[in-house]
Amino acid sequence: MPTRTPERTQIGIVGAGPAGLMLSHLLSRAGIESVVIDLRSREEIEHAHRAGILEQGSVDLLVDTGVSDRVHRDGYRHDGIELAFDGGGHRIDFQGLAGASTQLYPQTDVFMDLADARRRDGGDVRFSVSDVSVDELTGDSPVMRFTDADGVLREVRADFLVGADGSRSVCRHQVPQADCTQYFREYPFAWFGILTEAPPSAPELIYNHSPHGFALISQRTETLQRMYFQCDPSENVDDWSDDRIWDQLQTRLGANGYSLKEGPITSKTVLPFRSFVQEPMHHGRMALAGDAAHTVPPTGAKGLNLALADVRVLAEELERAVRSSDPAPLVTYTQRAVARVWKAQHFSYWMTTMLHTLPDATPFDTRRQEGELASVTGSVAGSTYLAEAYTGWPTSK
C-alpha cells in the first residue's frame, strides 16, 4: 500500500467550483480552516461556459462577504424579463412586483472572483488533483484521499467533509442507497445552446413560446450573446450549420414580432434537461451541496443560485458543528436547504412545462399553455409569483 502524506484540517471540501469556494470563504470568515480540492485545473473551470443569471441574494452574498464588487461593475442589472407568446411580448417587472432584480454575470466570473478571493486570503485550494476518494464518513474523523498535482499521495483528515463536486459527484456515490432517497425526472427535450459574437438583441431575457418551438434569448456582454432553442436530446451539433441555427431562432422569435441580431457562432452545445434531488443532503459527517445534491432544468435560472444558497446555510451549520464537535447541525442543514430546493424544483418544472412544446402535444395542450401564460401576465398575483421566484426567495432560518 503506497504511503500517503497525512494532513489535518477542520473541513475538507471536494469541489472547487463556486459552491466549494464560497463555502471555504464563508468558513474562513468564521475562523474555520478548510482544504478544497478539485480534479480540474483552474483554467479548465474558467473556460467552462455556464449559467449567468444571479438572484438578488447571490449578488448580495458576493458583495457583502467581501468576495468582490465586480458583479456590480461588470455585470448587467435586469429588472425584468419578457414572456413572448401569442404574437407579442409581455414584460414581467421584477422591481415593480417584487422590489428585486437579477444580475447578468457569468458563472465563470463568479468562479474567478471566488478563486481570487481565496488566494488573496491565503485559502488552501488545490486544483488538478486525481484519484479522489472519501471514506470513514460515519466516524469521528472522515478522510479524503487524492493525488496532488505534483504526484504526491495525500490523506486529509477533517472534522467534517463536504461534497460540492457537481452532478457526477464522487462524494454522493459514497452514501449507501439504504440511507437516502433519490428523486429523478428526465425531460423529453433539451436546449441547443449557442454563443454568438453579436450585439444584444434585447435589453432583457426573452422567454419565447411559439408554434415553432421554445427559444430563450440571453446576453453575456456588449459583443457576446447566449441563445437557446428547444431541440431533441439526441441532436448532433455537427448537423447544424450557422445558417440553419439562425433560421430556427429567427423563425421562433419572429412569430412574436422579434428580430435577432446575428453574428458568428463560436460555440454550440446540447443541454439535456433533468431534475434530481437526494435526501437527506448529509450522511454521517459529510454534507452535500449544489449539483452534488440536486439539479434543476435551466429554465428558471436556479442551478448556481441554489448552490450558493446551500453553502450560505451550510457554513452556518458547520460552524455550529465544529464548535460543538457534534454532527447534529447537519440535520438542520438538510431541513433548511431542502425546503428551498423543492421550491426551486417546482418553479423550474412550472416554467419548463409552461413554455416548451411538449411531445405529442395536441392543439388543446398548446392552447392551454397560451391560456396559462395569459393568466400569468394578465394577473398581478401571477406575475408577482414569477417575479418573486425568479429573483429568489429569502434564505430560510
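Take the stretch 347-357 and flag every residue that is within 14 Å of Pro211 (Cβ to Cβ) and open to solvent by 30 Å² or more (accessible area, probe 1.4 Å).
Of everything in the stretch 347-357, just one residue is within 14 Å of Pro211 (Cβ to Cβ) and open to solvent by 30 Å² or more (accessible area, probe 1.4 Å), namely Thr357.
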Inset, instruction - List the strands (runs of 3 or more DSSP E) that sit entirely inside the stretch 198-298 and contain at least 1 residues that are open to solvent by 50 Å² or more (accessible area, probe 1.4 Å), touching a strand residue (DSSP E or B) at 6+ places or on another chain (Cβ under 7 Å) and among the polar types (S, T, N, Q). - result: 265-279
Legend entry - Of the criteria (1) touching a Ser or Thr at 6+ places or on another chain (Cβ under 7 Å); (2) open to solvent by 30 Å² or more (accessible area, probe 1.4 Å); (3) not aliphatic (A, V, I, L, M), which one Ser133 fails: (1)
Legend entry - Residues (within 16 Å of Ser24 (Cβ to Cβ) and touching a Phe, Trp or Tyr at 6+ places or on another chain (Cβ under 9 Å)) located in the stretch 145-161: Val156
Inset, instruction - Any residue in the stretch 220-249 that's under 18 Å from Pro298 (Cα atoms) and free of Cβ contacts under 8 Å to residues at least 40 places away in the same chain: show its pairings with residues that are open to solvent by less than 40 Å² (accessible area, probe 1.4 Å) and part of a helix (DSSP H, G or I) at Cβ separation under 9 Å, as long as the two are six or more apart or on different chains. - result: Met227/Ile245; Met227/Leu249; Phe229/Ile245; Phe229/Leu249; Phe229/Arg252
Legend entry - Breaking point among (1) open to solvent by 60 Å² or more (accessible area, probe 1.4 Å); (2) in a strand (DSSP E or B), for Pro2: (2)
Inset, instruction - List the number of the failed condition for Asp360; all other conditions in (1) assigned to a loop (DSSP other than H, G, I, E, B); (2) open to solvent by less than 70 Å² (accessible area, probe 1.4 Å) hold. - result: (2)
Legend entry - Answer from Leu386, Leu304, Leu318, Leu373 - the residue that is closer than 22 Å to Ile13 by Cα, touching a residue at least 40 places away in the same chain (Cβ under 8 Å), in a helix (DSSP H, G or I) and open to solvent by less than 10 Å² (accessible area, probe 1.4 Å): Leu318
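The values are calculated or read from the model by the stated rules, or taken from the named source; none is laboratory data. Here the structure is a predicted model, which means the values were calculated and not measured. Neighbour counts are summed over all protein chains in view; Cβ atoms, including those assigned to glycine, are modelled from backbone coordinates with ideal geometry. For the accessible areas, the whole protein counts, side chains as well, though only heavy atoms, and no ligand, DNA or RNA atoms are used. Shrake-Rupley method; radii C 1.70, N 1.55, O 1.52, S 1.80 Å.
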